[in-house]
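Notes follow the structure.
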Amino acid sequence: MVPNPEIWDEINKIGETDRANLKSNFTGNQIKIKNKKENASLALFSKLFFWGENKNLDQALRKFEAKMPSVASFLATVAMFIIGITARGEWALFAVYFFKYLQTGGNDGYVEETHEMIDSMQSWFNIRFKDYFSVFIPSVIVGYVLYFGLGGFLHWYYYVRQRETPETWKCQPTRWITPELERHEIMLGSTCLVIGSAISAAFCTYVMNDGELSRVYFNSADYGYIWLILQVPVVFIYQDYITYWTHRIYHTPWLYKKFHKLHHIYKTPTAFSVTAIHPVEFTQLQFQYISATLIFPVHWSKV
């Protein structure tokens with residue numbers, strides 16, 4: 001006996017409905033699992049980077065500030081300064097230059113023997129960038145510790161401690177960065193921090209191994225004591241001038257759209273915004289800051 005076609009249609013409809021419900025339930029479970037994983041990741045993210053929001057740490061810091069308010073304010077100022085100068089690996093430059101100074105003894109008669117050892121491009125790389133990873137790895141580690149340690153402290157000092165009184169310290173007291181954008185700037189800033197450390201480590205080892213193009217010198221008397229003093233404002237004006245014009249160039253339509261716009265999505269920047277720049281622009285800026293040591297004779301202590 002052949003079933004009525006209408007009955008088969010009803011059976012198929014029921015099957016399709018069940019399959020749709022099953023698919024819907026499966027998709028819903030997938031979304032729940034995904035959201036659960038994302039929430040767990042975000043919770044871990046917040047604990048690591050926004051450690052100042054931890055109740056116990058918050059209370060401990062508030063007690064410390066109550067006892068020594070001027071010290072807490074001073075530490076916040078110092079933290080802003082340090083996070084600014086360490087983001088690109090400058091501390092590694094100073095450390096390596098100091099080691100080089102100790103190596104040369106500030107003696108202008110010091111002669112590096114590596115010139116005679118270079119006989120090919122490969123040997124040039126091997127000699128000029130010797131011990132690269134010995135500088136790069138510590139630079140990244142210290143950079144991250146300072147970035148998240150000091151950045152976390154500044155997050156507590158302003159965004160936790162003074163959350164209720166933004167008009168006393170915030171240029172935009174009614175506007176706050178969204179959690180999504182803050183996570184984004186930290187991820188981007190962390191990436192650029194590695195790029196900065198990589199470039200700084202390369203330049204460090206290049207100078208350490210007597211790179212031909214570097215004009216960094218170690219004997220204060222080499223270019224006279226007048227230049228030793230004058231080089232500070234000269235290099236500062238050079239850097240400030242070239243930074244101004246490169247910034248203006250980045251605001252031309254094509255460069256702004258492709259690179260610089262990323263920097264401007266953070267309408268209410270935080271301490272973590274310091275390295276939140278497009279990697280291409282960040283790389284260009286890193287070489288720009290180094291360029292002074294290739295143009296002017298610069299004493300190692302002034303770099």
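The values are calculated or read from the model by the stated rules, or taken from the named source; none is laboratory data. Just so it is clear, the model here is predicted, and its values are computed rather than measured. Please note: Cβ atoms are built from the backbone with ideal geometry, for glycine as well, and neighbour counts cover all protein chains shown. We work out accessible area using only protein heavy atoms, side chains counted, and drop any ligands, DNA or RNA first. Shrake-Rupley method; radii C 1.70, N 1.55, O 1.52, S 1.80 Å.
One table, with the values for the structure above:
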quantity	calculated
Residue in the range 225-235 that is farthest from Thr293 (Cα to Cα), counting only those that are of a type outside the set (A, V, I, L, M) and in contact with a helix residue (DSSP H, G or I) (Cβ under 9 Å, 6 or more places away or on another chain)	Trp227
Looking only at the range 174-214, and only at residues there that are of a type outside the set (A, V, I, L, M), outside any helix (DSSP H, G or I) and modelled with pLDDT under 85, the one that is most open to solvent (accessible area, probe 1.4 Å)	Glu212
Candidate set: the range 50-81, residues that are open to solvent by 50 Å² or more (accessible area, probe 1.4 Å) and outside any helix (DSSP H, G or I); chosen: the one modelled with the lowest pLDDT	Asn54
Candidates Tyr266, Tyr256, Tyr238, Tyr225 - the one that is touching a Phe, Trp or Tyr at 6+ places or on another chain (Cβ under 7 Å), among the aromatic types (Phe, Trp, Tyr) and either open to solvent by less than 50 Å² (accessible area, probe 1.4 Å) or on the phi < 0 side of the Ramachandran plot (or both)	Tyr256
Lone unmet requirement of (1) of a type in the set (Val, Ile, Thr); (2) open to solvent by 70 Å² or more (accessible area, probe 1.4 Å); (3) more than 24 Å from Ser200 (Cα to Cα); (4) within 18 Å of the chain's Cα centre (by Cα) for Ile249	(4)
Qualifying residue in the range 248-260 (condition: in contact (Cβ under 8 Å) with a residue 24 or more places away in the chain, in a helix (DSSP H, G or I) and not aromatic (Phe, Trp, Tyr))	no
